[in-house]
Number of protein chains: 2
Amino acid sequence: MMQSARHHDVQVFQLAERTGRMNASVIREILKITEQPGVLSLAGGLPSAASFPVAEVREACAQVLRDEPHAALQYAASEGHLPLREWVAADLAAQGVECSPAQVLVTHGSQQALDLVGKVLVDDGAPVAVEAPSYLGALQAFTPYGPRFLPLEGDEGGPLPEALLQAGAKGRAASDRARFAYLLPSFQNPTGVCFSQQRREALMQAAREAKLPVVEDNPYGELWLDAPPPRPLASHWPEGTVLLGSFSKTLAPGLRLGYVVAPTPVYAKLLQAKQASDLHTSGFAQRVVHAVLQSGGGTGPSFLQRHLPAVRERYRAQRDAMQAALTRHLGKGFEWARPQGGMFFWVTAPAGVDTLACLPQAVQAGVAYVPGSA
Amino acid sequence: MMQSARHHDVQVFQLAERTGRMNASVIREILKITEQPGVLSLAGGLPSAASFPVAEVREACAQVLRDEPHAALQYAASEGHLPLREWVAADLAAQGVECSPAQVLVTHGSQQALDLVGKVLVDDGAPVAVEAPSYLGALQAFTPYGPRFLPLEGDEGGPLPEALLQAGAKGRAASDRARFAYLLPSFQNPTGVCFSQQRREALMQAAREAKLPVVEDNPYGELWLDAPPPRPLASHWPEGTVLLGSFSKTLAPGLRLGYVVAPTPVYAKLLQAKQASDLHTSGFAQRVVHAVLQSGGGTGPSFLQRHLPAVRERYRAQRDAMQAALTRHLGKGFEWARPQGGMFFWVTAPAGVDTLACLPQAVQAGVAYVPGSA
């Protein structure tokens, strides 16, 4: 019955204006195409399933359901599971970001953290500064809240400090000042760029000077292949930075666990938004992830210290194979930087090549990619 | 560092206007008080942890991690896990609601479904018709999107059909017509009321006539104590109804699994909103819940058919104990209806009693409740 009455529905339901800005993701549509058997997809950022710590997750599930099944399966605090928040705060401290567990909010994947940031910091028509290109999922998360995206001028090392100064410049009318700059400093999706230590310092000095808050998204920082990335942007200006992290790339995305760390007044609003959005993140999943992080225990290297080298080894081999294949197969005029971490190659085609128009042919030939126009 | 710079933060971050409408939940604050040891809390709707199917969840986790660990821990489709969506569609069909699995969107608890409904159907200033009182969590979910709540006039059997006609009346200016009526027909939180079959028919006839869509929230339907509730509202007008359901009360809330069923055009927008909000619900949790629902297998009664009678027995005993205690201890002038399902008693105090003002005394005496003013 519901199915057969489509034309009625349209009359009955009045959709919110913001739905006009919401569209089916190009990436989503591409991913559907690439799910056809026989197509080698270079399009999605899917972590390698072979790297998932299945045995540890299995043991952690058994442990949690043995030791505290009722707490794990009951309603829980919106902030998240305290031991996991303490783990995050300690992990960030080791990277030079001082924060308290009271500033850590556990989210249902870091995509939810992006949605909460949009809900709390974006008004209809408010400018938001973003790298060009930036992570499409973030643009999608912010879009329902009505931002005007201000692309930041940049070079091969990331956005330029002057661009941040401009986006936040005090000379501008308040309504024209960006609410924040959304930055992915380490092995960005899609370009793979990692900002240098020097660039980070210059960017954060500019942000501070321009009183332009920074939303730092760091899902790939642990996936360095050659050398660890410099300290997070948040370490340079903690009271002006909201930092997003994820367990999707270090453990597994299917558990949907991420987090956001924010200065106290922003945290209070993110927490209210989280509560309104879904009450809290699964207490079972949080305990399982915490147990995995503790697994092996004792005084030796931590689980991630043992797990991540093998993950990096795997991605390093894939990166090198991709680099070799691009060198071998791409014609003159194609350019790209060999990424030093993360999961993405950003290839620039010669002038006159429309990569969107080429996609159907490529898929027919058995290879899929995301065109830059997306 | 972040902690010590509160006064700076306020200057740096400009919060979205909607954050001014977002407040710490009264219920949340009350729940904190009631967590003091020695306080008997009648305030929260926490399912009884003793009813959680811990053994089945343990077995389901082991099974999923044995049979399809990589799929369970990988990124997945935003719509949800197809076998679970098929289960939901079949379960609803058995209740008289015809729908296809393609109309079922799995959410991170039904609270997330409320947030998605707000995102897709509520504009700033748009009227939304609600029962008086209604579920506070829903009001919280809708509030960031800026609704004007229109309380529906009602009696002890639920809202009046005339009130729906009025809220959607064609005579009104379009901007004054409610976008939808949010209704909890079965054992509502907080009043415990269950709409009769006759009331349901009359309400949905009125909704249809007034072209007023209905958002039906049904987390407690399976927790009937004396007799099953009448068919869902959606069965009377499927193409005008969005239906929300949850596994929090039938299985356990800590897994955070709910769903929303919607006519196709609304579904498409809810799906885009879901994708922007958190990409997808945990594929691991979805498989675990599906495995629990299938557990025991074979041709006999389903898991829920075996599990729910014991759950109902437990809540029935609690309801009867509460009824006896209220009868014994409450003085003249207190009135309440004995609920026929769900988890809530709604007690009306005699005129002149301020239940909010009495709460601190009650807590000191060792009992907590939610005052109606909340």
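Computed from the coordinates by the stated procedures, all read-outs in this text should not be read as laboratory data. The structure presented is a predicted model; accordingly, all values stated were derived computationally and were not measured. Heads up, the Cβs are rebuilt from the backbone with ideal geometry, glycines too, and the neighbour counts pull from every protein chain shown.
Tabulated results
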quantity	calculated
Entries in B:211/B:269; A:274/B:249; B:249/B:332; A:269/B:119; A:119/B:274; B:170/B:274 that, when Cα-Cα distance is taken, lie over 24 Å	B:249/B:332; B:170/B:274
Extreme residue, positive dipole direction of the protein assembly as shown, given options B:175, B:271, B:253 (C-beta unit charges)	B:253
Residue A:155 paired with residue B:324, simple spin-label distance in nm, labels 7 Å along Cα-to-beta-carbon	8.1 nm
Simple spin-label estimate for residue B:209 and residue A:365 in nanometres, 7 Å along Cα-Cβ	6.6 nm
Other-copy label distances relative to residue A:316, 7 angstrom Cα-Cβ extension, nm	6.5
Cα-based equivalent ellipsoid of the protein assembly as shown: semi-axis lengths in Å, sorted from largest, via gyration tensor	43, 28, 28
For residues of A:259-270, the mean tally of beta carbons on other chains within 10 Å	4
Footprinting exposure proxy for B:46, A:114 (fewest neighbouring C-beta atoms within 10 Å first)	B:46, A:114
DSSP-assigned coil residues among trypsin sites (Lys or Arg not before Pro) in the stretch B:126-188, each with at most 15 further Cβ atoms within 10 Å	B:170, B:172
Of B:309, B:238, B:339, the one that fluctuates the most in a GNM where chain B has Cα springs shorter than 10 Å	B:309
Net charge of Cβ neighbours under 12 Å - reference residue B:95; Lys, Arg +1; Asp, Glu -1	-3
Fraction of beta bridges assigned by DSSP in chain B that are antiparallel (%, nearest 5)	45 percent
P(r) tail fraction, the stretch B:140-181 - alpha-carbon pairs more than 16 Å apart, %	42 percent
Cysteines not pairable in chain B (beta carbon separation under 4.7 Å absent)	B:99, B:194, B:358
For the A-to-B rotation axis, chain A residue with nearest beta carbon and its distance in angstrom	A:61, 2
Cβ neighbours within 10 Å from other chains - mean over A:231-244	3
Cβ neighbours within 10 Å from other chains - mean over B:285-297	1
The protein assembly as shown, helix-only ellipticity at 222 nm - DSSP H runs n ≥ 4, -39,500 (n - 2.57), divided by all residues, nearest 500	-12500 deg cm²/dmol
Simple Cβ-charge dipole of chain A, Lys/Arg +1 and Asp/Glu -1, about Cα centre, in debye nearest 20	220 debye
Dipole magnitude of the protein assembly as shown, debye to nearest 20 (Cβ charges: Lys/Arg +1, Asp/Glu -1, about Cα centre)	120 debye
Within chain A, longest stretch free of exposed GluC sites (Glu not before Pro) [DSSP loop, at most 16 other beta carbons within 10 Å]	A:157-374
Stokes-Einstein translational diffusion, the stretch A:64-153 - Kirkwood Rh over all Cα pairs, 0.692 mPa s, 37 °C, in µm²/s	211 µm²/s
Binned Cα-Cα distance frequencies in the stretch A:205-283 - 10 Å width, integer %	16, 40, 34, 10, 0
Under the Debye formula (equal points on every Cα, no solvent term), log10 I(q)/I(0) of chain B at q = 0.06, 0.07, 0.08 Å⁻¹	-0.25, -0.34, -0.44
Position residue B:353, label points 7 Å along Cα→Cβ, spacing to each other copy in nm (shortest first, one decimal)	7.9
In sequence order, calculated HN-Hα J values of the stretch A:369-374 (Karplus, 6.51, -1.76, 1.60; Hz; x Gly/Pro)	8, 9, x, x, 4, 4
Teacher prompt: residue B:227 distances to equivalent labels in other copies, 7 Å Cα→Cβ, nm	7.7
Gain in span if fully extended, residue B:124 to residue B:197, counting 0.36 nm per residue against the direct Cα distance	22.8 nm
Label-reachable residues, the stretch A:206-227, where backbone N falls under 18 Å from a point 7 Å from residue A:338's Cα toward its Cβ	A:224-227
Cβ-derived FRET efficiency at R0 35 Å, residue B:94 paired with residue B:46, nearest 0.05	0.80
Net charge over other residues, Cβ less than 15 angstrom from the Cβ of residue B:155 (K, R count +1; D, E count -1)	-3
Sorted by Cβ density within 10 Å, fewest first, the residues A:217, B:320, B:155	B:155, B:320, A:217
Selected from A:66, A:338, A:312 as most flexible by GNM, with chain A as the system and alpha-carbon contacts under 10 Å	A:66
GNM top mover of B:102, B:173, B:210 - chain B, alpha-carbon springs below 10 Å	B:173
